[in-house]
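Peer 1: After the structure tokens below, expect a handful of questions from me.
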Amino acid sequence: MGLTSNFILHSQEITGVQLLEKSIGYHDPGDSWPTFSDTFYVTMESPENSPRYSEINIDLPNEYFYLKARRDSSETTYQINKGECLTSLTVPTSSKRTPCETARLYKDYYTYLYGLPMKLKDPGTYLDPVVRRKKFNEKEYLVLKVTYDKNVGSDVWFFYFDPHTYAMEVYQFFKGDPESEGKNTGEYILLEGEELIQGIRIPKIRRWFYNKNNKFLGSDILQKQKQ
């Protein structure tokens with residue numbers, strides 16, 4: 001398993017902006033993301049830890065985010081309401097971040113990953129105009145390279161779309177230019193299945209791997225209802 005290292009040909013018939021619009025047309029045909037307001041549940045499974053169960057509410061119109069995460073006997077809640085933060089921890093934490101810093105980190109994390117590919121239209125996001133074709137596990141994809149304004153982030157991302165449906169099926173990131181300082185850094189994520197939430201096709205399972213050695217890190221499993 002792994003990503004091939006060489007681009008095999010350039011795609012002449014579509015630009016980066018056009019590819020993103022086609023993928024958004026597949027995942028969010030009703031343009032529902034800007035008014036997204038719903039609760040969903042994510043189970044995180046990893047080889048070396050017990051499962052973590054998360055209840056997540058994202059309410060974009062009201063600028064509200066809520067996360068309740070439980071692993072074994074530890075339970076933590078985070079809330080951000082119009083910029084105001086409230087957290088609750090049942091056990092001490094060794095994190096160097098404050099609870100509110102962690103809350104904002106989770107807000108950005110879940111809103112970004114579950115808002116893809118729509119989030120690629122956010123300010124400070126730069127789409128490479130050249131779309132390439134690249135093979136992964138013997139399947140050819142249309143690949144979009146994305147970088148960010150330095151105030152947004154320094155990671156370099158690649159998004160892999162089915163060339164027929166434009167569904168997003170793989171993405172990966174590097175900690176810098178993958179041809180130089182970012183080599184052997186970052187991860188790639190395989191997407192499997194879909195859940196339809198408020199008319200948006202959201203990947204159901206995300207499986208995480210290191211770029212450098214294909215080591216499996218864990219899976220996130222999305223569900224619309226609490227199990």
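Peer 1: What are the ³J(HN,Hα) couplings of the range 150-164, residue after residue, when phi is run through the Karplus curve with 6.51, -1.76, 1.60 and θ = phi - 60°? Round to Hz, x for glycine and proline.
Peer 2: Calculated HN-Hα couplings, in order: 4, 7, 9, x, 9, 5, 9, 10, 10, 10, 10, 10, 4, x, 9 Hz.
Peer 1: How long are the semi-axes of the equivalent ellipsoid of the range 37-114, taking √(5λ) for every eigenvalue λ of the Cα gyration tensor, in whole Å from largest down?
Peer 2: Values: eigenvalues 84, 50, 22 Å².
That gives 20, 16, 11 Å for the three semi-axes.
Peer 1: Greater than 30 Å separation of Cα atoms is the criterion. Which listed pairs, LYS107/LYS175; LYS145/LYS226; LYS139/LYS175; LYS139/LYS215, meet it? Show your work: numbers first, answer last.
Peer 2: Numbers: LYS107/LYS175 21 Å; LYS145/LYS226 35 Å; LYS139/LYS175 25 Å; LYS139/LYS215 20 Å.
Listed pairs above 30 Å: LYS145/LYS226.
Peer 1: Can I ask one more? Rounding to the nearest 10 and keeping the result within 0 to 90°, find how far the Cα-based axis of helix 16-27 lies from the longest principal axis of the chain.
Peer 2: 50 degrees
Peer 1: Give the residue from HIS164, ASN62, VAL152 lying farthest towards the positive end of the charge dipole for the chain; charges sit on Cβ (+1 for Lys and Arg, -1 for Asp and Glu) and the dipole is referred to the Cα centre.
Peer 2: Most positive-ward Cα: VAL152.
Peer 1: Okay, moving on. From the gyration tensor of the Cα coordinates in the chain, what semi-axes in whole Å does the equivalent ellipsoid have, largest first, with each one equal to sqrt(5λ)?
Peer 2: Numbers: eigenvalues 176, 84, 61 Å².
Semi-axes, largest first: 30, 20, 17 Å.
Peer 1: Amide H to amide H under 5 Å from PHE36: which residues, 5+ apart in sequence or cross-chain, H placed 1.01 Å off N in plane?
Peer 2: Sorted by chain and number, the residues that satisfy this are LEU60.
Peer 1: Sticking with this structure for a sec: Could you pull out the GluC sites (Glu not before Pro) across the range 141-202 that fall in loop regions by DSSP (anything but H, G, I, E, B) with no more than 14 other Cβ atoms inside 10 Å? Walk me through the numbers on the way to the answer.
Peer 2: Working: sites: GLU169, GLU179, GLU181, GLU187, GLU192, GLU194, GLU195; in loops: GLU179, GLU181.
Within the range 141-202, the qualifying GluC sites (Glu not before Pro) (loop, at most 14 other Cβ atoms within 10 Å) are GLU179, GLU181.
Peer 1: Then there is this: For a quick check: with amide H placed at 1.01 Å from N, whose amide H comes under 5 Å from GLY176's, ignoring anything fewer than 5 positions away on the same chain?
Peer 2: The answer is VAL156.
Peer 1: I would also like to ask the following. Can you compute 3J(HN,Hα) from phi for each residue in the range 55-71, using the Karplus curve 6.51 cos²θ - 1.76 cosθ + 1.60 with θ = phi - 60°, rounded to whole Hz and x for Gly and Pro?
Peer 2: 9, 10, 10, 10, 10, 5, x, 9, 6, 10, 9, 9, 9, 10, 10, 10, 9
Peer 1: What list of ³J(HN,Hα) couplings, whole Hz, do you get for the range 102-114 from phi and the Karplus terms 6.51, -1.76, 1.60, once you set θ to phi - 60° and write x for glycine and proline?
Peer 2: 5, 4, 5, 4, 5, 4, 5, 4, 6, 5, 5, 5, 8
Bear in mind that the values in this text are calculations on the coordinates, not laboratory data. Treat the numbers as computed from the prediction; the structure is a model and nothing was measured. Please note: Cβ atoms are built from the backbone with ideal geometry, for glycine as well, and neighbour counts cover all protein chains shown.
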